[in-house]
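J.: Sharing a structure here in structure tokens format.
FYI, it's all coordinate maths here, none of it is from the lab. This one's a predicted model, so the numbers in the text were calculated from it and none came from an experiment. All Cβ positions, even for glycine, are placed from backbone atoms using ideal geometry, and neighbour counts span all protein chains on display.
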Amino acid sequence: MGIAGIIVAAILGLGVGAGSIFAYNKKNELGGKNRAEDLVRKAKREAQDIVMDAKKQAEEVSDKSKAEEAERRKEWKRTENRLAERETALDGKLDQLEKKTERLVKEEKEIESLKNEIRDIRTKQHEKLEKIAGLSKKDAREKLMQMTQNDIKQDLVDLVTKEQKEIKHDVDEAAQSILLTAMERMSSEVTADRTITALKLPDDEMKGRIIGKEGRNIQALQRATGVDIMVDDTPGMVVLSSFDPIRRQVARYALERLMKDGRINPASIEEAVAKGEKEIEKEVVRAGEDAVREVGLVGIPRELIHLLGELKFRTSYGQNVLLHSVEMAHMAGMIAEEIGADKRIAKTATLMHDMGKAVTHKIEGKHADIGAELAKKYGMSDEIVHAIAAHHDDIEPTTPEAVIVKICDAISAARPGARNISAENFAERMRDLENIATSFPGIDKAYAISAGREIRVIVEPKQIDDLNALKLARDIANKIEATMSYPGVIKVNVIRETRAIEYAK
């Protein structure tokens, strides 16, 4: 509270007191004069007390303000002294820095001068050495390098040769250990599929039924299946001969069903063959699923599983392709585990590496390329596709898994008794015969029978008439003569059959 405020309060107090006295006198006109004087004196004393208190408080506030001002002045003085001291110190440091900078510049000039002197001395020394030796610096360097190289060349050759021998020995030993471990842990059948299947006849009467009147039943069966059926070569047996194992299986199933049923005629033969084809289709799917399950793979598309199942009825040089692939997949898993490669990629690629053989009669090209295209088509990874494509060195293998597939293929095929080269050549010749026949228009089916001594061609009767059938037989024979090498004579048998079918209702 300021001094002015205190004075104003005192004046207001006096005014209030006087007002009170006046009011009192006005109200109490009958009151005594003494009482009024007492009230006046009391009011004066109160006013004096208020004025004294106000003065006292004003003095205290004034003293406090003076003390605070004096303290602030002292603080400002101390701050000014500190700033002055710091300014003096900074000026001193700047002087020292300037002196050091001048000294460093001087020393740098001296050092640069010394460097120039050293360069001059070195140049003069080189010139003197060149004059004494009669060689330039470049020639001297080359001569020194040549001398050094001659001195250590033999030592380096010996060292490199030694290291190469040790590395080769270690690598060969490690590779042999891995391969032998995989081969010892893998045991599978060594079988060679043949081109004939034999069925036992229940009695001689059944042989006559199979042949039929004027041989119509056996002709219908051969025409429907493409298999050569021999009933007179072996007593009590019917021999089915074909290079295509799927055809033999269909014919076997159909003939077993016909013999069990007892009714053998062209209509029942066609029905039995159709059912046999359906049964073989189921067996194909089952074989593919069993192979994938045995190897321990999951997530394989059903289309690829079906192609794997077809390999059950395919052979490569007499070796069953599906068994060959399963055997390879087991070995690939073991080798991949030993060397740290991707086990799943290695097993998948080896299981599918010969998948293209299932469709080589439908798609032109090498089976490795066909298999790689099929794998890519059905969503296999790039690593698997590359390993399939590279397993016969058509392209350079660039991944460990691709090398594993190639190694396992060689191991599985090279085992004694695993393959029969002559059987494979025979099968290839049969396929070539059929492919030549089917290359002409109007062909319904073509079968190579009698161990390749005959090609039986069934034509579409609406497209090929009797005259064109004779010409077709001659054209096929000419193409066989021009494109194939074979012993003896091949009979070209073109069959044109017209059927009239009606239903009685």
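J.: Out of residues 5 or more away from residue 198 or on other chains, whose amide H comes under 5 Å of its own, with H placed 1.01 Å from N in the peptide plane?
T.: Long-range HN contacts for residue 198: 240.
J.: Could you run the Karplus curve 6.51 cos²θ - 1.76 cosθ + 1.60 with θ = phi - 60° over segment 78-94 and give me ³J(HN,Hα) per residue in whole Hz, x for Gly and Pro?
T.: Going residue by residue, I get 5, 4, 4, 5, 5, 4, 5, 5, 5, 4, 5, 5, 4, 4, x, 5, 4 Hz, with x marking Gly and Pro.
J.: Further question: How would you classify segment 288-327 from its alpha-carbon gyration tensor, with a ≥ b ≥ c the square roots of the eigenvalues: rounded for a/c under 1.5, else prolate if a/b is greater than b/c, otherwise oblate? Walk me through the numbers before you get to the answer.
T.: Working: a/c = 3.15, a/b = 1.67, b/c = 1.89.
Oblate, because a/c is 1.5 or more while a/b does not exceed b/c.
J.: To the nearest µm²/s, what D does Stokes-Einstein give for segment 421-505 at 20 °C and 1.002 mPa s, using the Kirkwood radius over alpha carbon pairs as Rh? Before the final figure, lay out each step's value.
T.: Working: Rh = 13.8 Å.
Using the Kirkwood radius from Cα pairs, D works out to 156 µm²/s.
J.: For the peptides 238-244, 81-87, what is the packing order when you average, over each peptide's residues, the other Cβ atoms within 10 Å and list the highest mean first?
T.: Descending mean neighbour count gives 238-244, 81-87.
J.: In addition: List the GluC sites (Glu not before Pro) within segment 28-84 that fall in a DSSP loop (any state other than H, G, I, E or B) and whose Cβ has at most 11 other Cβ atoms within 10 Å.
T.: Details: sites: 29, 37, 46, 59, 60, 68, 69, 71, 75, 80; in loops: 29.
The qualifying sites are 29.
J.: May I ask you to evaluate 6.51 cos²θ - 1.76 cosθ + 1.60, the Karplus curve with θ = phi - 60°, for each residue of segment 246-260 and list the ³J(HN,Hα) values in order in whole Hz, giving x for glycine and proline?
T.: After applying 6.51 cos²θ - 1.76 cosθ + 1.60, I find 5, 4, 4, 5, 4, 5, 4, 4, 5, 5, 4, 5, 5, 5, 5 Hz.
J.: Which shape class, rounded, prolate or oblate, goes with segment 296-419 when its Cα gyration tensor gives a ≥ b ≥ c as root eigenvalues, a/c under 1.5 marks rounded, and past that a/b bigger than b/c marks prolate? Could you put the intermediate results ahead of the total?
T.: Details: a/c = 1.38, a/b = 1.11, b/c = 1.24.
The shape class here is rounded.
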